[in-house]
Amino acid sequence: MESDDRGKGAEGAVRQDLVIMEKEKTIAGFYQNKQHGEVDGLGIDFLVYLKNGFILPMQVKVSCGDNGNRRHKHLKKHPNISFMIFVDLELHKKHPEKELDRIVKEVAGFIKG
């Protein structure tokens with residue numbers, strides 16, 4: 001799977017979760033930025049509309065063994081976009097419900113502070 005395809009897969013998994021969270025009223029809504037668009041260049045893949053009126057910018061990455069270094073590089077380049085989700089595509093392929101549950105919990109945990 002090419003890098004862009006892996007990124008699309010990771011973003012697709014997060015999108016599934018955000019749809020669930022919106023239906024369950026955990027979030028007010030979300031917007032997915034266009035790949036390689038202007039906002040994507042700012043380090044933002046999704047804008048998550050929170051129920052308190054705030055917006056959470058989110059970066060999505062495919063999980064790998066070097067997540068800590070990748071997070072550091074991202075924060076150095078985009079210091080105002082601190083929320084990142086790392087998606088384990090292998091787990092998502094084998095047990096999508098487990099990976100989706102983990103992502104929902106991570107987003108919900110960040111929202112609660």
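The values are calculated or read from the model by the stated rules, or taken from the named source; none is laboratory data. None of these values were measured; they are calculated from a predicted model. Methodologically, a virtual Cβ is constructed for each residue, glycine included, from the backbone with ideal geometry; neighbour enumeration extends over all protein chains shown. When the accessible area is computed, the model is the full protein with side chains, heavy atoms only, and any ligands, DNA or RNA have been set aside. Shrake-Rupley method; radii C 1.70, N 1.55, O 1.52, S 1.80 Å.
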Item to check | Computed over the stretch 41-94: relative contact order in percent, which uses C-alpha pairs under 8 Å that are six or more apart | outcome: 36
Checklist entry - Which value, in Å², gives the accessible area per residue of the chain when a 1.4 Å probe is used on the protein heavy atoms? => result 62
Next on the checklist: Going by amide H atoms built from the backbone, whose H comes under 5 Å of the H on residue 33, apart from near neighbours?
Outcome noted: 46, 47
Checklist entry - How many nm separate the modelled label positions at residue 40 and residue 23, each set 7 Å beyond the Cα in the direction of the Cβ? => result 2.6
Checklist entry - Counting DSSP beta bridges in the chain, what percent are antiparallel, to the nearest 5? => result 60
Checklist outcome for this item: Expressed as a whole-number percentage, the relative contact order of the chain with C-alpha contacts under 8 angstrom and at least six residues apart is 26
Checklist entry - Where a ≥ b ≥ c are the square roots of the eigenvalues of the C-alpha gyration tensor, would you call the stretch 59-113 rounded, which needs a/c under 1.5, or, failing that, prolate if a/b is larger than b/c, or oblate? => result oblate
Checklist outcome for this item: From highest to lowest solvent-accessible area (probe 1.4 Å; ligands, DNA and RNA excluded), 100, 18 read 100, 18
Item to check | Fraction of accessible area attributable to carbon and sulfur, the stretch 1-70 (%, probe 1.4 Å) | outcome: 51
Checklist outcome for this item: Residues whose built amide H sits under 5 Å from the amide H of residue 60, excluding neighbours closer than 5 in sequence, are 45, 85
Checklist entry - Label residue 93 and residue 71 with points 7 Å out from Cα along Cα→Cβ: what is the distance between them in nm? => result 2.5
Checklist outcome for this item: Quick numbers on the chain, Rg and Dmax over C-alpha atoms in Å, give 13.4, 39
Next on the checklist: List the residues, sorted by chain then number, that are 5 or more residues from residue 82 or on another chain and whose placed amide H is less than 5 Å from its amide H.
Outcome noted: none
